[in-house]
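To start, the structure under review is shown below, and the notes come after it.
Every number in this text was worked out from the coordinates using simple rules, so none of it is lab data. All values derive from a computational prediction rather than experimental measurement. Cβ atoms come from the backbone with ideal geometry, glycine included; neighbour counts cover every protein chain shown.
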Amino acid sequence: MKLATQLKQVALVSVLSVFGVSAANAVPLITQWGSEQEFEFTAWEDTNGGGGDDIFASGASGSNVAGVTKLAWGSPTGSPRSSIVINPGVDPTQPTNALVNSNVTTSTDGVLQLADFGLGPVLAHNNFAISNAFQTLDTATGTDYVVLEALAPPLGALAPRVLTFGINFAETNNALTGDACPSGNPGTGCSDIFTLSGLDLGPEVDVIDSDDDAFQIDQFLIPADGGGFIKYTVYLLAEGLGFLDNAVCSVAGAEDGCIGLITLEGQTNAFQLRFAITAEEIPEPATLALFAGSLLLMLGLRRRKHQS
């Protein structure tokens, strides 16, 4: 179920109900947002197809994040082992299991720069060579529970947003050559590959002072006090995240034009996720199609629910 896609398209209804506003009771532009994120792994599979039995999953019971925040593979007694860790601490192989809180100022000038982005979770891949005798991570599902709160003006929190996406992982053989070794030195360390699936990423947008583009991940409408609506769009930025070369996608078993990142062998690769929110005024007539689309989607979801 593409939950992120469904949430995007019904966001209009959820925002209106949470804030308790309507076209007759509109609000000014929201200029400041607070966010709280709980990011965890909710599913995983090893290359043996054994339901993830060869993946060592861990978290911290009683912490703010109750789910799994580390997936490791390789020799149970080997050191160091390969792993992916959400929000690592001083030791990059161990998660802090902490919620991530940040503030974001709404961008209204139509241009995104790094200063517009608030800090989100960190995802680290501890990429170390392992024996071919061991199974590795194949796929995983990451779930980010996000609560956005309007701070200026102080309208309170939106309904929690749930962003769910698939991670496809390719542990490359370090003896590969040519296109099969997307980065690094063949024979001593080919980079591993992560590709994303299931998350309905929107068009990429240029960030003027970054080598990386941002991707649209969420969008919602709120009635404007001057009439019409304000469309808020949420963007994701992560260093190294982008469209991969088709040869790299092929090694990872993904389609041409895949979105992902590569991680260097023999080191910790940490990726800081960042989020920005833009605002754009939408005239009243232009919102009619959006209302109709949201209504049709809700009817479709209800019909599928009755049929299931």
Can you give the FRET efficiency for Asp225 and Asp256, using 1/(1 + (r/R0)^6), R0 = 35 Å, r = Cβ-Cβ distance, to the nearest 0.05?
0.15
Between region 213-248 and region 84-162, how far is it from one alpha carbon centroid to the other, in angstrom?
15 Å
State, to one decimal in nm², a quarter of the convex hull surface area for the C-alpha atoms of region 52-166, i.e. the direction-averaged projected area.
10.0 nm²
